[in-house]
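Contents: one structure, followed by commentary.
The values are calculated or read from the model by the stated rules, or taken from the named source; none is laboratory data. All figures in this text were calculated on a predicted structure; none of them were measured in a lab. Cβ: placed from backbone, ideal geometry, glycine included. Neighbour counts: every protein chain shown. Areas reflect the complete protein model, heavy atoms only, side chains present, ligands, DNA and RNA absent. Shrake-Rupley method; radii C 1.70, N 1.55, O 1.52, S 1.80 Å.
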Amino acid sequence: MFYNQSNVMTPSFMPTANIAERDWFAFVVFCICCAILIFGNILTLITMKMKAKKELLKHDIMVVSLALNDLFSCLVISPFVIATFISSSGSIGNADTCRMVGYFNIFTCGSSLCIVLLMSLERRLAVLTPFYYRLNVTSKQIIISILVSMSICLVFAALPLVGVGEYGRPQPRGTCFLIIQSPIDQGTRAMTISLGIIVALILTGILICNIQVLRSINKTFRGTKSFKEKARTACPLCKLTIGVSIVSMICYSPLVIYSILINAGIAMSITVDAWIQNAIWIHMALNPIIYGVAREHLRHYFYHIIYNMCCGMVFKNFSH
């Protein structure tokens, strides 16, 4: 996601003789993730719209928010990534375009992590303090919490636009993100260190909340054999939150390690950068799969919608 080379390259958007090699495997993985992400999250939003006619839980609001955020991220950023990859010059647009893509990249990644943290906190309150949760936690509070966290991400992502760090493309076919140059200037160092610390704190919060939930479930239902039975009895919504949390911790942890390494002056290849970026896209693509696997009624809605879509296509072909 970051791009760091020992030889400093000024961001350029003109064709150059030294164009980076295309990593086709990473690009194919990225395209597959985008396809799953778009289809899965649209399916999730349709399902939640159908479910809203009956009852939309407080937990469902966060699922909808995460699906919208991931879908927005893909629709805004993926066209530029694909166009950059297939472009003969290794870049597309001008410097301002690249800055805005980098801005949306930071904003949507931060918002996704914050929503996962809020999901973990919501489940912690529901399991450990159910009485307080029922009396004090409302849908309105959850919506306000999501909007506040996204607003903070919006402001944080805007810091490089006002001089604290810089967005750009360090080399052809590179992703528009924070430019890491050697030696690192104070603004970029402050931005990368703060980004690493914030991501580490959010991941730590997610981990602590989920550990506390698991300990509470195991302590309450010691006689039950499997975790599936425990979770179904104590917290039917916990499987979804725990699944999304595990995937987010695995996929975002490289960002923290990367931030430490680049501030230590260790150069990274473009392949490493590409796969750090792909890890985040893999996280976003796995989210709708986890929704369906963890929530039985969502899975039924998914089957119902896909079945009707397939039957509609078949009958349409027969009618012609």
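Can you send over the solvent-accessible area of R189, 1.4 Å probe, protein chains only, in Å² to the nearest 10?
70
Run the quick spin-label model on H297 and M309: label points 7 Å from Cα toward the beta carbon, then report their separation in nm to one decimal.
2.2
K140: accessible area at probe 1.4 Å, nearest 10 Å²?
150
For M309, M48, give the ranking by accessible area with the largest first, probe 1.4 Å.
Values: M309 90, M48 5 Å².
Reading off the accessible areas and sorting them downward yields M309, M48.
At a 1.4 Å probe radius, which order do E122, E166 fall into by accessible area, largest first?
Details: E122 10, E166 85 Å².
Largest to smallest exposure gives the sequence E166, E122.
How far apart, in nm, are two points set 7 Å out from the Cα along the Cα-to-Cβ line at T138 and at L201?
2.9
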